Amino acid sequence: MSVDLPDYYFRVRENGAFVFRVDTENRQRRIELEQIANVNIKNGEIKPHGDRKLSDDDLVVIRDWMADRRDLLAARDIDDIHRAIDHMNLTTHWANSRATDDQLEGITDALLLAMHDLRTVLVRKKADRLMKGGEKG
């Protein structure tokens, strides 16, 4: 394991993370993780753990991590959408070339409803953008 460990460790959870201070300067020379805060990415909340007071340095590191995490999650969202487009294309090819009648019967209604719902949202959002003048053609 590397000697140069970071000063903070973020244990990611669904809406944020638990923040730990990394301590290697102890008598046993073991790595100790001391929880100092809970953070919520969705609402931006930073809660000190227990009766702890967070230093200005703690808050800077936590806020920087939160900004980086939001950027990462946004990039993953877009990547997931591009993957969904690929899956739709693969599904089209499968339905056209390999699917059996029984397989198609099992998925057609659910897929058509999901596609209709998506199309409805996309058309409405595009119309909203066009009405605002935010998109050309």
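Here are a few things to note about the model shown:
- Residue tally, condition of a type outside the set (Ser, Thr, Tyr) and more than 28 Å from the chain's Cα centre (by Cα), over the stretch 72-106: 12
Each row is one residue, and each column tells you yes or no for (1) polar (S, T, N, Q); (2) more than 30 Å from GLU45 (Cβ to Cβ); (3) at pLDDT 95 or above.
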| residue | (1), (2), (3) |
| --- | --- |
| LEU72 | no, no, yes |
| ALA84 | no, yes, yes |
| ASN89 | yes, yes, yes |
| LEU111 | no, yes, yes |
| ASP117 | no, yes, yes |
| LEU122 | no, yes, yes |
| GLY134 | no, yes, no |
| GLY137 | no, yes, no |
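The values are calculated or read from the model by the stated rules, or taken from the named source; none is laboratory data. Model, not experiment: these values are computed from the prediction. Here the Cβ is made from the backbone with ideal geometry for all residues, glycine too, and neighbour counts use every protein chain on show.
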